[in-house]
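Here's the structure we're looking at; comments come further down.
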Amino acid sequence: MECLDRIEAFRPIDMVYDSRQVGEGFVFFAIKGANVNANRFVPDILDRFKRVLVVSEESFGDERCIRVDDVRRCMGLAADRFFNRPSKRLKVVGITGTNGKTTTTYLLRSIFENSEIIGTTGWTLKEERFKLNNTTPESLDLHRILNRMVLADTEYCFVEVSSHALSFNRIEGVDFALKVFTNISQDHLDFYGSFENYAKTKLSFFERLKPKVVNADDDYGRTLIDAATISYGFSEFAFIRPIVYEYSLDGIKAKLNAAGRILNITSPLIGDYNLYNIMASVGVAFFFGVDFDRIEEGIAKSKGAPGRLEFFKKDGAYAVVDYAHTDDAMRNVLLTLNKIKKNRIITVFGAGGDRDKTKRPKMGSVAEELSDVVVITSDNPRSEEPIAIIEDILKGIKDKKKVIVEPDRFEAIKKALDMAEKGDIVAILGKGHEDYQILRDKTIHFDDRETVKKLWNLE
């Protein structure tokens, strides 16, 4: 590509896509974002800096500007070159799917020594964790992070690949050693318009021939299975499958058949979908030839991702915080809890504002079906009125007698915890690891886990 050759010949000091970070000798990628078109800053940048290179999809009539058809694609490929192809200097595993990505990365980091993760909860380097604005960062940030990992002698990196990352070329230039497919269910219809478009985007990750680990029980996953696939699931033909398994509030115990060899699995994680996540991580470890004893040990010590079925206990009652924010994810969590409950399920949840409205009544229906008490509250209402979101959720609920409406999330959690009796499970869903709440005019600190600890005096 001409743009890559010109950038290389320019010998940049650094490359950025934030106009506030531009300096002398920098390359600036002018991205048209959903809210801000960075091209409006280009004239000022050209005035302020003598030695600068601008990459844009627009023309500015200046020799310091390179016009391209896709600025994000150019940025990813240029970043790969600028950081000396970091993804080729460590083993990068990309994990995509609607659910399970984050927990799978945490399981893998526990199994693999000298490994790091990039995803919903941020990115790790040794003992530190850094926040990210997106599940999968912009390609320039992604290559920069991978380079940091290379410099720290990291061997493996496990990356969550979101649908938006695929739509906006955030993984451009990354050389994946292995790709993983977990599952597909409804999400992000506000952006994609239809489930078919969303699914097509997810599956596009596998268009280029690469070895892969695939959920054999998922309808879309089965379409990906070929000779270069390690499959997993409950299906008889799956390469990795459970022989026996049992669930309890203490976790999972299972024996897995992996190509004729038996793994004895003990995990503090619970439920079917975490057994799927465990099998996916076993598939990755099998591909890289990790010793079975090491796999068993890594799974046993992994507590999973923060805010993913994270349990708290007081006086025989339980609270569990989870990130489930779609009807399918809620169903998975609540079905799991129903299998191990000793008394009632009390579910606290809301739905995000300015997002797919069609899933709201579906979430309400799932909560009604699988809970004894439903407390509907706010999630991240953003620009919408919380009560309007709640009314959308209520459209999916027939028996309003089991419903409590409390728009204030703190008060909603308090009411649920106060009514919890011995053996009850209070499922607090939607935000998981998030430590903020996005309102119309501001973002405030709010953490479901902190709230439980405070109200139950567990700190």
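Each value in this text was obtained by applying a stated rule to the coordinates, not by laboratory testing. On a predicted model such as this, the values are computed, not experimentally measured, just so you know. Neighbour counts run over all protein chains shown; Cβ positions are idealised from the backbone, glycine included.
What list of ³J(HN,Hα) values in whole Hz, one per residue of region 313-318 in order, does the Karplus curve 6.51 cos²θ - 1.76 cosθ + 1.60 (θ = phi - 60°) give from phi, with Gly and Pro shown as x?
Residue by residue, region 313-318 yields 9, 8, 6, x, 9, 10 Hz.
Each residue of region 410-419 in order: what ³J(HN,Hα) in whole Hz does its phi give by Karplus 6.51 cos²θ - 1.76 cosθ + 1.60, θ = phi - 60°, with x for Gly and Pro?
4, 5, 5, 5, 4, 4, 5, 5, 5, 8
Taking H as built 1.01 Å from N, whose amide H comes closer than 5 Å to the amide H of M15, not counting residues under 5 places away?
V27
Please give the FRET efficiency for S59 paired with R20, using the beta carbon to beta carbon distance and R0 = 35 Å, rounded to the nearest 0.05.
With a Förster radius of 35 Å, E is 0.90.
According to a simple spin-label model (label point 7 Å from Cα along Cα-to-Cβ), what is the distance in nm between S235 and R48?
Spacing of the two 7 Å Cα→Cβ label points: 5.4 nm.
May I ask what percent, to the nearest 5, of DSSP beta bridges between residues of region 2-82 are antiparallel? Kindly include the intermediate steps, with their values, before the conclusion.
Details: 1 of 11 bridges.
Of the beta bridges lying entirely in region 2-82, close to 10 percent run antiparallel.
Run down the aspartates and glutamates and flag those whose C-alpha is under 15 Å from the C-alpha of K342, throwing out any fewer than 8 positions away in its chain.
Those aspartates and glutamates meeting the cut-off are D250, D315, D372, E421, D424.
Taking the Cα-to-Cβ direction at A300 and at L125 and moving 7 Å from each Cα, how far apart do the two end points lie in nm?
Going from the A300 label point to the L125 one covers 3.4 nm.
Long-range amide H contacts for I240: which residues qualify at under 5 Å (H placed 1.01 Å from N, peptide plane, sequence gap of 5 or more or a different chain)?
Amide H neighbours of I240, under 5 Å, 5+ apart: S231, Y232, G233.
If you place +1 on the Cβ of every Lys and Arg and -1 on the Cβ of every Asp and Glu, how big does the dipole about the Cα centre of the chain come out, in debye to the nearest 20? Provide the component values of the computation, followed by the final result.
Numbers: 68 positive and 71 negative charges, 91 e Å.
Computed charge dipole of the chain: roughly 440 debye.
Note the full-extension length gain between R261 and E113 as 0.36 nm times their separation in residues minus their Cα-Cα distance, in nm to one decimal.
Working: separation 148, 0.36 × 148 = 53.28 nm, distance 2.25 nm.
Here the answer is 51.0 nm.
Give the long-range amide H neighbours of V375: residues separated by 5 or more places, or on another chain, with amide H under 5 Å away, using H modelled in the peptide plane at 1.01 Å from N.
T347, V348, F349, I404
Counting each DSSP H run of 4 or more residues in the chain as -39500 (n - 2.57), what helix-only mean residue ellipticity at 222 nm follows after dividing by all residues, to the nearest 500 deg cm²/dmol? It would help to have the intermediate numbers written out before the result.
Values: 16 runs with 154 residues, N = 459.
The per-residue figure over the chain is -9500 deg cm²/dmol.
Compute the long axis of helix 139-151 from its Cα atoms, compare it with the longest principal axis of the Cα atoms of the chain, and write down the angle in degrees, 0 to 90, nearest 10.
80 degrees
Where does helix 272-287 land angle-wise versus the long Cα axis of the chain, in degrees 0 to 90, nearest 10?
Orientation of helix 272-287: about 40 degrees from the principal axis.
Lysines near K359 by alpha-carbon distance under 23 Å, same-chain residues fewer than 8 away left out - which ones?
List returned: K101, K200, K202, K395, K398, K400, K401, K402, K431.
Whole-Hz ³J(HN,Hα) for each residue in region 29-43, computed from phi via Karplus 6.51 cos²θ - 1.76 cosθ + 1.60 with θ = phi - 60°, x for glycine and proline: what do you get?
Going residue by residue, I get 9, 8, 9, 8, x, 5, 10, 10, 9, 5, 5, 6, 8, 4, x Hz, with x marking Gly and Pro.
For helix 292-301, what angle does its Cα long axis make with the longest principal axis of the chain, in degrees from 0 to 90 and rounded to 10?
70 degrees
With just the Cα atoms defining each centre, how far is region 215-277 from region 5-58? Give it in Å.
Each part reduced to its Cα centre gives a spacing of 47 Å.
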